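To keep things clear, I will list the structure first and then write my remarks on it.
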Amino acid sequence: MRLLLIGPPGCGKGTQAVRLAEHYGVEHISSGDLLRRHVAERTSIGRAAERCMSRGDLVPDGVVMDILRRPVEAAAKRGGYILDGFPRTVQQAESAYLVAKALGASVRIALFLQVSRPELIRRLLDRGARDGRTDDTAEVVNHRLDVFGQLTEPLLDYYSGRETLITVDGDRPVDEVTRSAISQLGAALQHRAGRIEQIG
Ligand code: AMP
C-alpha cells in the first residue's frame, strides 16, 4: 500500500493517517511532523523552515524532498507507507513521481479528505486553544486555507488524470471517516486489480 493523503489543514489527515497505517500495516510518514521535529531540534533545516511554517506558508519544495527521501525509500522497501501532507504542490508531485518511478513504485493511490471551510476553521481554532500549535491562530489558519486552495487543490486534477483519486467526506465523526476510507480504498484496489487482469 502506497497512499498519498491530501487535504486542507484541519481535515483530520494526521488522525486518519495513523489509523490507515495501522490497518494496512505500513508506515505513517508526516511531512509536517518531520518538519516540526527539525524545528524543535534547531537543525539548519528547522531554522530555515520555521519562518515559513509560522506564517502558514509552504516550506520550499527542495527542503521537503530532502527530509522525505530517505524515510519514504526505506518504507517503500518495507512494504509501503501512508504519506500525510505530501505532496502539497504539483511540482512536489512531479518530483515524487520521478523518485517513485526510479524505485519501481510509481502506482499509488491519492486519497482526498474533503471538509468544508467553516468546519476546518472551527477545528483548527479548537486545536490551537488546546495544543498551542503556533500556526493554529485565526490569521494563520485563514492563510493556510488560502495556500491550500491556491497550491494544493490543483493536485486533485493532477491525480484524477493520472492515478487513482478517491474523495472521502471528512465532515463526519472520525470512525465513520475511517470506515468509509477503508471501504473506498478496497473498492479502488479491486477495480485496479481487475483492470490489470484485463490488460494482462
Ligand atoms: P501539517 O502538519 O501537514 O499541517 O504541516 C504544517 C506546516 O508544515 C505547513 O503549514 C507547511 O508550512 C509545512 N509543510 C508540511 N508539509 C509540507 C509540504 N509537503 N510542502 C511544503 N510545506 C510543508
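Remarks
- Theoretical gain in end-to-end length, residue 101 to residue 189 [0.36 nm per residue, Cα-Cα removed]: 29.7 nm
- Here the sum of -39500 (n - 2.57) over DSSP H runs of 4 or more residues, divided by the residues of the chain, equals -20000 deg cm²/dmol at 222 nm, to the nearest 500.
- Across the chain, Cα-Cα distances exceeding 28 Å account for 24% of all pairs.
- Where labels lie 7 Å past Cα in the beta-carbon direction, separation of residue 151 and residue 179 in nm: 3.7
- Per-residue HN-Hα couplings for segment 56-73 [Karplus 6.51, -1.76, 1.60; θ = phi - 60°; Hz; x = Gly/Pro]: x, 8, 6, 7, x, 3, x, 5, 5, 4, 4, 6, 8, 3, 5, x, 6, 4
- On Cα atoms only, tilt of 31-40 relative to the major axis of the chain in degrees: 30
Every read-out reported here was derived from the displayed coordinates using simple, explicitly stated rules and does not represent laboratory data. Just so you know, these numbers come straight off a predicted model, no measurement behind them. Cβ sites come from the backbone with ideal geometry, for glycine too, and all protein chains shown count toward neighbours.
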